[in-house]
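Worksheet: one structure, shown below.
Read-outs: derived from the displayed coordinates by stated rules, not from any lab. Predicted model, so just to flag it, every value in this text is computed and none were measured. Reconstructed Cβ throughout: ideal geometry from the backbone, glycine too, with neighbour counts over all protein chains shown.
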Amino acid sequence: VTNPEDLVGNADYMAPEQAVAPREVDGRSDVYALASILFHTLAGRPPFDGDSPFEKIDIRAKADPPKLSWLRPDVSRDLEFLILKMMSRD
């Protein structure tokens, strides 16, 4: 049994709103998670680094993900654009 305040999920793929306002989560959080997984698959690392799950979420809430092309110059611009759009904080 979890408490309503408990953080449930993987911080590497969790949308910012899942931690900040869990009651406002909808299908867009799934789109964000899918893009995070795709980013990790292509880049070989999660989009955000941190020493703890809460630090990763805090960074994610304040910063945009790095451009995939910085890590993988061979990834197409269209795919990079799509991933970044799916991970948009707005």
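Once every DSSP H run of n ≥ 4 in the chain is given -39500 (n - 2.57) and the sum is divided by its residues, what mean residue ellipticity at 222 nm do you get, rounded to the nearest 500 deg cm²/dmol?
On the way: 5 runs with 46 residues, N = 90.
About -14500 deg cm²/dmol.
Label points 7 Å out from Cα along the Cβ direction at SER88 and THR41: separation in nm?
Placing both labels 7 Å beyond Cα along the Cβ direction yields 2.2 nm.
Given (1) -0.78, -0.98, -1.37; (2) -0.54, -0.75, -1.34; (3) -0.79, -0.95, -1.17, which label gives log10 I(q)/I(0) by the Debye sum over Cα atoms at q = 0.15, 0.18, 0.25 Å⁻¹ as computed from the coordinates?
The value computed from this structure is option (2).
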